[in-house]
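> The following block contains the structure, expressed as structure tokens.
The values are calculated or read from the model by the stated rules, or taken from the named source; none is laboratory data. Note that the structure is a prediction, hence the values are computed from the model and not measured. Here Cβ is always computed from backbone atoms with ideal geometry, including for glycine, and neighbour counts include all displayed protein chains.
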Amino acid sequence: MVLVIIIIACFASAAVLFFFQKGEEQPPEKSKGVVGTISDNWDTNVSDPEESEEKRPGTQIPGYSSAVMKSGDTTLKLRIGNPKDNHVGMFAKLKLADGTVLYESPLLKPGQGLEEVPLNKTLDKGEYEAIVEYNCVLLEDGTTPLNSAESGFRLYVD
Amino acid sequence: MKAKKLVTLTLAAAMVAASSVSVFAAELTDTDSTGQTEVKAHISGNAGNVSYIITIPDVIDFGELTQPADNTTDHFKDVNYEVKATKIDGLDAQTQSINVYVRDQNASVGGVDDFFITNKNNANLSFEYSVFNTTDPDSSSALNDNNMLQAVGYNLHSFDTEGDTMTGVLRFNQNNIYGYDITQIAGDYSGYMVFFSTIENK
């Protein structure tokens, strides 16, 4: 009888611990693509931590020099996200200069982003002009548009 | 003794179950890019990573616009805005710069390429404003005085140094609303700018 009570107590403790941890660490939101994970503490990796202490006016937009993938790849290593110092929401869209859309994100709150982007289609070998569109919205409602930005870069497909 | 062993095993199982949640969470929030090495060998050390951060105005507010009593002289309402190269990583400043362009969200090459604010309740009510990339609009021409030649927009500024800030002016001539029935045009207006940035050779 005592043994049964102890076992039940152990499972109860594990369950409580599990739910507490679940509450602290928000599960990441799944992207619209096939794979890919949006993390909650995404950072540009180029921000100065000292500057990050205060929220400054304006919206920070990440920019890129280039990206590389192999023909047939269904993902692209590209750090797309909403810098943590921002106070707006962002919808990110990866597309080619000809308008071909490769990925569209759900609403990214400040500090959310991806390390690897799932692609809607594979690309043939070659060099492409690519763009990440950052459509900014009011964080409060997630819909009211603000000024937006586009970061152009060269995408190399081996 | 058997009972003690079972309790120990059960406790261990419970601990493993709990810690596996932490590991799972840690993996999901890992911010290290694992593609850096491969990319370095191919193009540059920064492929796929964030190379720079440009800070743009999220909103520019002209405030309350007033219908002037006459239109014989200009009635400008000017608002400053800033674009900043907040962070630059690995740019060869001798040969490269980050070029920033700007356009109205509805602008197109060969089509309507000016900047507009539009009544939120009546899309047919739009008024033009001018964009300057200097703080002295009286002695310079607006970007949109010329035709927009590239789809990405008007050339706004080139940055090659971290921390550089460009301050410009948006100018609304309130003569634009002169002569209208104010009850017909009153309301909230908004317009959206699109800032395009890219690394280019000097």
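> Using the structure shown, decide if B:Leu91 is in contact (Cβ under 8 Å) with a residue 12 or more places away in the chain and within 13 Å of another protein chain (Cβ to nearest Cβ). Spell out the reasoning first.
Details: in contact (Cβ under 8 Å) with a residue 12 or more places away in the chain: yes; within 13 Å of another protein chain (Cβ to nearest Cβ): yes.
For B:Leu91, the condition - in contact (Cβ under 8 Å) with a residue 12 or more places away in the chain and within 13 Å of another protein chain (Cβ to nearest Cβ) - is met.
> When you scan the stretch B:175-202, how many residues do you find that are surrounded by fewer than 17 Cβ atoms within 10 Å (Cβ to Cβ) and of a type in the set (S, T, N, Q)? Can you show your working first?
So the first thing to find is which residues in the stretch B:175-202 are surrounded by fewer than 17 Cβ atoms within 10 Å (Cβ to Cβ), and the list is B:175, B:178-188, B:190, B:200-202.
So of that shortlist, the ones also of a type in the set (S, T, N, Q) come out as B:175, B:183-184, B:190, B:201.
So the answer is 5.
> Does the stretch A:61-82 contain any residue that is touching a strand residue (DSSP E or B) at 6+ places or on another chain (Cβ under 7 Å), basic (Lys, Arg) and buried (at least 24 other Cβ atoms within 10 Å of the Cβ)?
yes
> Specify which of the listed residues (B:Phe172, B:Phe132, B:Phe116) is surrounded by fewer than 20 Cβ atoms within 10 Å (Cβ to Cβ), touching a strand residue (DSSP E or B) at 6+ places or on another chain (Cβ under 6 Å) and closer than 17 Å to B:Asp78 by Cα. Steps first, answer last, please.
Numbers: B:Phe172 fails: surrounded by fewer than 20 Cβ atoms within 10 Å (Cβ to Cβ); B:Phe132 fails: surrounded by fewer than 20 Cβ atoms within 10 Å (Cβ to Cβ).
Being surrounded by fewer than 20 Cβ atoms within 10 Å (Cβ to Cβ), touching a strand residue (DSSP E or B) at 6+ places or on another chain (Cβ under 6 Å) and closer than 17 Å to B:Asp78 by Cα holds for just one of B:Phe172, B:Phe132, B:Phe116, which is B:Phe116.
> In the stretch B:156-164, is there at least one residue being in contact with a helix residue (DSSP H, G or I) (Cβ under 6 Å, 6 or more places away or on another chain) and of a type outside the set (Phe, Trp, Tyr)?
Going residue by residue through the stretch B:156-164, those that are in contact with a helix residue (DSSP H, G or I) (Cβ under 6 Å, 6 or more places away or on another chain) are none.
Within the stretch B:156-164, not a single residue is in contact with a helix residue (DSSP H, G or I) (Cβ under 6 Å, 6 or more places away or on another chain) and of a type outside the set (Phe, Trp, Tyr).
> If you don't mind, another one. When A:Gln112 is evaluated against the numbered criteria (1) away from chain B (no Cβ under 13 Å); (2) of a type in the set (S, T, N, Q); (3) more than 26 Å from B:Tyr101 (Cβ to Cβ), which criterion, by number, is the only one it fails?
(1)
> In the stretch A:99-110, which residues are assigned to a strand (DSSP E or B) and over 15 Å from A:Thr59 (Cα atoms)? Spell out the reasoning first.
So in the stretch A:99-110, the residues assigned to a strand (DSSP E or B) come out as A:101-104, A:108.
Matches in the stretch A:99-110: A:Val101, A:Leu102, A:Tyr103, A:Glu104.
> Looking only at the stretch A:137-153, count how many residues are facing chain B (nearest Cβ under 8 Å) and not small (Gly, Ala, Ser).
5
> What number of residues within the stretch B:101-125 satisfy the criterion of being without any contact (Cβ under 8 Å) to a residue 40 or more places away in the chain and on the phi < 0 side of the Ramachandran plot? Don't jump to the end; show me each part of the working.
Going residue by residue through the stretch B:101-125, those that are without any contact (Cβ under 8 Å) to a residue 40 or more places away in the chain are B:106, B:110-114, B:123-124.
Those left that are additionally on the phi < 0 side of the Ramachandran plot: B:106, B:111-114, B:123-124.
The qualifying residues number 7.
> Something else about it: Is it fair to say B:Lys77 is outside any loop (DSSP other than H, G, I, E, B) and either touching a His at 6+ places or on another chain (Cβ under 8 Å) or within 12 Å of chain A (Cβ to nearest Cβ) (or both)? Steps first, please.
Details: outside any loop (DSSP other than H, G, I, E, B): yes; either touching a His at 6+ places or on another chain (Cβ under 8 Å) or within 12 Å of chain A (Cβ to nearest Cβ) (or both): no.
In short, no.
> Just the residues that are more than 19 Å from A:Asp40 (Cβ to Cβ) and in a loop (DSSP other than H, G, I, E, B), please, taken from the stretch A:68-98. Quick ask: steps written out before the conclusion?
Residues of the stretch A:68-98 more than 19 Å from A:Asp40 (Cβ to Cβ): A:68-77, A:93-98.
Those that are more than 19 Å from A:Asp40 (Cβ to Cβ) and in a loop (DSSP other than H, G, I, E, B): A:Lys70, A:Ser71, A:Gly72, A:Asp73, A:Thr74, A:Ala97, A:Asp98.
Every residue, every condition in (1) touching a helix residue (DSSP H, G or I) at 6+ places or on another chain (Cβ under 9 Å); (2) assigned by TED's automatic domain parsing to the domain that holds B:Tyr81; (3) crowded, with 21+ Cβ neighbours inside 10 Å; (4) hydroxyl-bearing (Ser, Thr, Tyr), yes or no:
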{"residue": "B:Asn121", "(1), (2), (3), (4)": "no, yes, no, no"}
{"residue": "B:Leu125", "(1), (2), (3), (4)": "yes, yes, no, no"}
{"residue": "B:Asp136", "(1), (2), (3), (4)": "no, yes, no, no"}
{"residue": "B:Ser139", "(1), (2), (3), (4)": "no, yes, no, yes"}
{"residue": "B:Asp145", "(1), (2), (3), (4)": "no, yes, no, no"}
{"residue": "B:Ala151", "(1), (2), (3), (4)": "no, yes, no, no"}
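> Based on what the data block shows, is A:Leu96 modelled with pLDDT of 95 or more and closer than 20 Å to B:Val59 by Cα?
Values: modelled with pLDDT of 95 or more: yes; closer than 20 Å to B:Val59 by Cα: no.
Spelling it out, it is not the case that A:Leu96 is modelled with pLDDT of 95 or more and closer than 20 Å to B:Val59 by Cα.
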